[in-house]
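The values are calculated or read from the model by the stated rules, or taken from the named source; none is laboratory data. A quick note: this is a predicted structure, and the numbers were derived from the prediction, not measured. Note that each Cβ is placed from the backbone with ideal geometry, even for glycine, and that neighbours are counted across all protein chains shown.
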Amino acid sequence: MDLDGNNYFMFKIVFPTSNGVVVQSGEKKVISVTNCDGQKKLKSFLDKNKIIFWHFPFMRGIQYFLCGIYAQFCALIMCADLCGTKQKVKESKLKKYYTKKLIILVLVAVGAVIFASVGLGVAPGKLGYLLVDYHGSTILRNFVIMLLKIAFFYVFLLFLRVFPSVCEFFRFNRAGDVAFFGGNSVKNKRKCPARPLNFLNFVIFVFVLDFAVISLCGASFGFWFNLLFHVAILLLCMSVGFEILNLLEKCKIAWIKNLAYVTAGLVYAKPSTTHIETALVAFTELGLLENQKGREFMSDESRAFSVVYNEVKNKLASAGVNDKSETDWLIATVLGKNRAEIKLVSTITERQYQDIMKATARRAKGESLDNIFGFTEFYGLTFDVNKKVLTPRMETEILVEQVLKCAKNFKNPTILDLGTGSGAIAVAVAKNCDAEVTAIDISKNALATAEENARKNGVKIEFLHSNLFDGLKRKRKFDIIVSNPPYIASEDIKGLDKNVRECDPILALDGGEDGLDFYRSIIPTSTKRLNAGGKLFLEIGKGQGRDVRKIMRECGFDEIKTIKDYNKIERVICGKYK
């Protein structure tokens, strides 16, 4: 995170506990915990304990350390309180459970102070003089003492992992870094880099730096002088340590940035999915607080929007659905809002939560959102869909755009949509231009769906039940013919995404042995159904452009051009009949 200029307010600090994390940015603070029942809870509020010297190098390190220590102890207490329950039967047991964990962490902290004064103060010095006697080099002796102090410190921190509460503490610390570096889900996020300015890493780095400086100086001029000298060196290490880690944080060279693991590895433990989910909840809510003016703060909410949002996102990611927009659409549809509006929601009712989880379970099993809810959006319009029709794809909107551009060149254009399916192309064209539109499909069920979609969108279209052109009067012609025919090779259908393979009709997918059967039927016959100067528009599959262009040229089309989709794949081909 960049700490220069106007970006200081964006700096987020993570304070781990043994049952959750506290994330702070400026005055805004969010607590996210998982209690012993596996339930996630969230609390957000304003906290005046914030860093105010971000713009002052060296000064900011001291405040980061001192304010952070205070905030860390507050975090331990607040997270323990938040894990309480309203059920009277469990309240006392839970209180004892989390109080015990808090006491263990406090005792460990006290033990660390005692160890620092005895283990790191006396023992390394005695050993140093044993290894390098009074007649040896003072510089060498001090260097040996420094190495011994740091080694003792490292061993002590590794020993702390025998306490389950401390290990959980380190897991949540690592989970906070995983969430800090972002991502749509828990999946594949455990290998994120160490964060140099992770608060615990900063504290450990300051102490290591302090041990090194104090040991190398080897100053000893009486109790009060030593005390003042040690305090001054500690403050200096806070200042310099922050600036060093800040440089590492901004460094873009991976191996240099990973030097942070030298100390960060001591306060990391491998997080579980639950640890990362808990941290992601806190970051999601903090992001909403930062981006929405007037967003209300929450107290002890287990059905907070951020909790539910991350639960859905991670359930879908575990099922292989990694598109963030799917989470947005699913929740928005259940709540009856658009994607932008759901971010304004603070809490979810129990009924809404149950509906969201049911839809999530169906999507995780491979069913498309369109089939789950029975409708989809296409070209700004709403369409009913079902397993009898092909769900319209975003790429097909490019086909509609090209048809609408061409229609402007004709006065009162006549347009034919072959294989209309849900009627998406025909309805979108009819809605956006003054044209006489005819739609054909071989499936009566598909035509029934298309007719209903035309009615709901307020357009008039002529629907015909026919196998391609067979049902048309012999002399009937059109200015534009458009089709999104089946173009998947028969052998490739079994390798399609489960969502497509099981939810879309095979009739709308199977294009024959090489996927070109319908192009071989449509293109030659269309020459007899186009008016002079008429145009044919076709959606094509990946890698089919060259073959379809060849068929069009052989059938007398010229001015053939291909339009690529959003992924730079040839998706639409059109030609003018001479």
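Screening the candidates I480, I440 for the property of being modelled with pLDDT of 90 or more, in contact with a Lys or Arg (Cβ under 6 Å, 6 or more places away or on another chain) and surrounded by 15 or more Cβ atoms within 10 Å (Cβ to Cβ) yields one hit, I480. Every test in (1) in contact with a strand residue (DSSP E or B) (Cβ under 8 Å, 6 or more places away or on another chain); (2) among the basic types (K, R); (3) exposed (fewer than 15 other Cβ atoms within 10 Å of the Cβ) is passed by R546 save one, and that test is (1). Residue count for segment 203-222, restricted to those that are under 17 Å from V144 (Cβ atoms) and modelled with pLDDT of 80 or more: 8.
Restricted to segment 211-245, and to residues there that are crowded, with 21+ Cβ neighbours inside 10 Å and not small (G, A, S), the residue that is farthest from K12 (Cα to Cα) is I214. Scanning segment 413-428 for residues being in contact with an Asp or Glu (Cβ under 8 Å, 6 or more places away or on another chain) and farther than 18 Å from D384 by Cβ gives a total of 3. Out of all the residues in segment 246-272, which are among the hydrophobic types (A, V, I, L, M, F, W, C) and under 22 Å from F11 (Cα atoms)? Across segment 246-272, the qualifying residues are L247, L248, C251, I253, A254, I256, L259, A260, A264, V267.
Only residues that are in contact (Cβ under 8 Å) with a residue 60 or more places away in the chain and either in contact with a Lys or Arg (Cβ under 7 Å, 6 or more places away or on another chain) or farther than 13 Å from L330 by Cα (or both) were counted across segment 362-379, and they come to 2. Residues that are in contact (Cβ under 8 Å) with a residue 60 or more places away in the chain and of a type outside the set (D, E, K, R) were ranked within segment 549-568; the one that is surrounded by the fewest Cβ atoms within 10 Å (Cβ to Cβ) is Y566.
The set of residues in segment 246-289 that are buried (at least 21 other Cβ atoms within 10 Å of the Cβ), among the β-branched types (V, I, T) and more than 18 Å from S25 (Cβ to Cβ) comprises T263, V267, I276.
Here D328 fulfils each of the conditions (1) crowded, with 16+ Cβ neighbours inside 10 Å; (2) at pLDDT below 90; (3) farther than 26 Å from S44 by Cα apart from (3). When F45 is tested against (1) more than 17 Å from L245 (Cα to Cα); (2) at pLDDT below 85, just one condition goes unmet, and that condition is (2).
Of the numbered criteria (1) modelled with pLDDT of 85 or more; (2) surrounded by 16 or more Cβ atoms within 10 Å (Cβ to Cβ), the one E350 fails is (2).
Counting just the residues of segment 334-346 that are outside any helix (DSSP H, G or I) and of a type outside the set (A, V, I, L, M), which one comes out farthest from F383 (Cα to Cα)? If we take residues in segment 334-346 being outside any helix (DSSP H, G or I) and of a type outside the set (A, V, I, L, M), then S346 is farthest from F383 (Cα to Cα). Taking segment 382-414 as the range and being among the β-branched types (V, I, T) and touching a helix residue (DSSP H, G or I) at 6+ places or on another chain (Cβ under 6 Å) as the test, the residues that pass are V385, V389, T391, V400, V403.
Before we move on, is F297 surrounded by fewer than 20 Cβ atoms within 10 Å (Cβ to Cβ) and in contact (Cβ under 8 Å) with a residue 40 or more places away in the chain? Answer is yes for this residue. Candidates in segment 483-498 are the residues that are under 16 Å from R393 (Cβ atoms) and either of a type outside the set (A, V, I, L, M) or at pLDDT 90 or above (or both); of these, the one that is surrounded by the most Cβ atoms within 10 Å (Cβ to Cβ) is N484. Set side by side, the residues E452, E462 differ, and just one is over 11 Å from T420 (Cα atoms), touching a residue at least 60 places away in the same chain (Cβ under 8 Å) and surrounded by fewer than 18 Cβ atoms within 10 Å (Cβ to Cβ), which is E452.
Okay, residues lined up against (1) of a type outside the set (V, I, T); (2) within 24 Å of S32 (Cα to Cα); (3) in contact with a Phe, Trp or Tyr (Cβ under 7 Å, 6 or more places away or on another chain):
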position: V281; (1), (2), (3): no, yes, no
position: N291; (1), (2), (3): yes, yes, no
position: R295; (1), (2), (3): yes, yes, no
position: V321; (1), (2), (3): no, no, no
